[in-house]
Amino acid sequence: MGQGTLTVIKAKSLVDVEGGVVVSNPYVVIDGGRIKSWGNQSSMPPPGPETVIMDLKDRCILPGLINSHVHLCLPSEGKPFYYQQSDEMALLTAVRNMRVELNSGVTTLRDCGDQNGVLFALRQALAAKILSGPRLILCGPPLTTTGGHAAFLGGAADGSTGIIRAVRRRRAQGADFIKIIATGGGTPGTFPALASYTLDELKTAVETAHKLGLPVAAHCRGIPGIENCVEARVNQIEHACFELPDGTLRFGPQVADRMAAAGIHVTPTIQLYRDVQAHLKRKKHKRRLTRDESRRLRLLPSVLEEKYRALRGFMAAGVRCVAGNDAGLPYTGFGQLWRELTTMVDSGMSPFQAIEAATSNAAQALHLTDTIGSIQPGKQADLIAVDGDPTRDINALSRVRLVMRVGRIVFQNQ
């Protein structure tokens, strides 16, 4: 399918995320990798003699999905988050993972921390057409304290001077945003409930990044880190767990109100807790759990309930939530974003709202609404087709039959 050829796609339905409706018997005209027009087939202009017509029959067309939180360099497959590998292996792992994501309908990936900046080379390879893949939104190694969460990725930056240098370095490397580790996490020896940077250090990161035109996203699990990030005016908070020192969670509605007032987006990453729970249940069935594993399994039902409550609280406060599943973690693999959307629905979103979290809302958070996130004239033709109506059954997104990236078919399963 050449870029100079007009292509018309017809289907049973189309999800118009901007209009908030499902359109029956739609058509989409694609010209040069962009959407030229769309609508109901009754108003479709007569096709020219060289127009390619694709009839997807009983399928549903949607904008390509956006996964707002992945770690392409991490292998998943039961390996720990802090798994050590060479930069070369990290890069090859990323190539595999991005293809799996693309084939599942994710046409844009926001990577929230790579190893030593290897993904900048991968994006160059995509631009040079050495490889084909999804759109990559990159931050390089996340900024973290020496010995802090994710320090093994190569982004240690201490004190205001170190932070300023690291932000400037990311900008020079081609980062699209700055990721900073505001609390501990899954790296041994770090403390998720505690802040890892001071408020002044976070403000330095945000001020420096914003002067360079870069938004800031922050890894936040504990309440002190979340409160610091709201005060520092980061643009996006990842996880937002409201975690306490004993591992339980306690959502703070007042903090959510402040997030909404500041225009902060949140990536809740809920499904990863379900994935851990399923893993521990399987392991318990096969053999004895360790003491720490048993304690975690006991805590997970209440943790999940609080994550569900938090999502509902964010929605009530007017916080824009986007979909990201933290793919790359030990038990959260690639090609599974639909599971995060299912969990969002189980937490209180409608299927349409969950789809928005992975399309239009995510595009807004990325400042890419002129390019992606909905099916509109002038936007890039990043499209997918699925079996069923995902606005009625969100699990239809697990049945992807066609993926189109900038007007080219990159995956098809009849």
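In the stretch 22-43, how many residues are of a type in the set (A, V, I, L, M) and either assigned to a helix (DSSP H, G or I) or within 22 Å of Glu356 (Cα to Cα) (or both)? The total comes to 4.
Check whether at least one residue in the stretch 151-161 is among the charged types (D, E, K, R), at negative phi and buried (at least 21 other Cβ atoms within 10 Å of the Cβ), and report yes or no. Spell out the reasoning first.
So the first thing to find is which residues in the stretch 151-161 are among the charged types (D, E, K, R), and the list is 158.
Next, only the ones that are at negative phi stay: 158.
Narrowing further to those that are buried (at least 21 other Cβ atoms within 10 Å of the Cβ): none.
Within the stretch 151-161, none of the residues are among the charged types (D, E, K, R), at negative phi and buried (at least 21 other Cβ atoms within 10 Å of the Cβ).
Of all the numbered requirements in (1) within 19 Å of the chain's Cα centre (by Cα); (2) outside any loop (DSSP other than H, G, I, E, B), Gly335 misses one, and that requirement is (2). Per the conditions (1) in contact with a Gly (Cβ under 8 Å, 6 or more places away or on another chain); (2) of a type outside the set (Phe, Trp, Tyr); (3) over 21 Å from Glu306 (Cβ atoms), the sole criterion not satisfied by Leu214 is (1).
Would you mind stating whether Met315 is assigned to a helix (DSSP H, G or I) and free of Cβ contacts under 8 Å to residues at least 40 places away in the same chain?
On the way: assigned to a helix (DSSP H, G or I): yes; free of Cβ contacts under 8 Å to residues at least 40 places away in the same chain: yes.
Yes.
Among the residues of the stretch 212-224, those that are in contact (Cβ under 8 Å) with a residue 40 or more places away in the chain and either touching a strand residue (DSSP E or B) at 6+ places or on another chain (Cβ under 8 Å) or more than 30 Å from Arg171 (Cα to Cα) (or both) comprise Leu214, Pro215, Ala217, His219, Pro224. Can you find a residue in the stretch 349-358 that is in a loop (DSSP other than H, G, I, E, B), modelled with pLDDT of 95 or more and under 14 Å from the mean Cα position of the chain (by Cα)? Within the stretch 349-358, one or more residues are in a loop (DSSP other than H, G, I, E, B), modelled with pLDDT of 95 or more and under 14 Å from the mean Cα position of the chain (by Cα).
The residues listed here are Glu243, Glu231, Glu227; of these, the one that is assigned by TED's automatic domain parsing to the domain that holds Thr204 and either touching a strand residue (DSSP E or B) at 6+ places or on another chain (Cβ under 6 Å) or closer than 22 Å to Leu329 by Cα (or both) is Glu243.
Would you confirm, using the coordinates I've provided, whether Pro80 is in contact with a Pro (Cβ under 7 Å, 6 or more places away or on another chain) and within 18 Å of Ala151 (Cα to Cα)? Walk me through it before giving the result.
On the way: in contact with a Pro (Cβ under 7 Å, 6 or more places away or on another chain): yes; within 18 Å of Ala151 (Cα to Cα): yes.
Considered against the rule, which asks whether it is in contact with a Pro (Cβ under 7 Å, 6 or more places away or on another chain) and within 18 Å of Ala151 (Cα to Cα), Pro80 comes out as yes.
The values are calculated or read from the model by the stated rules, or taken from the named source; none is laboratory data. The model shown is predicted, which means the values in this text are computed figures rather than measured ones. So basically every Cβ, Gly included, is an ideal-geometry build from the backbone, and we count neighbours across all protein chains shown.
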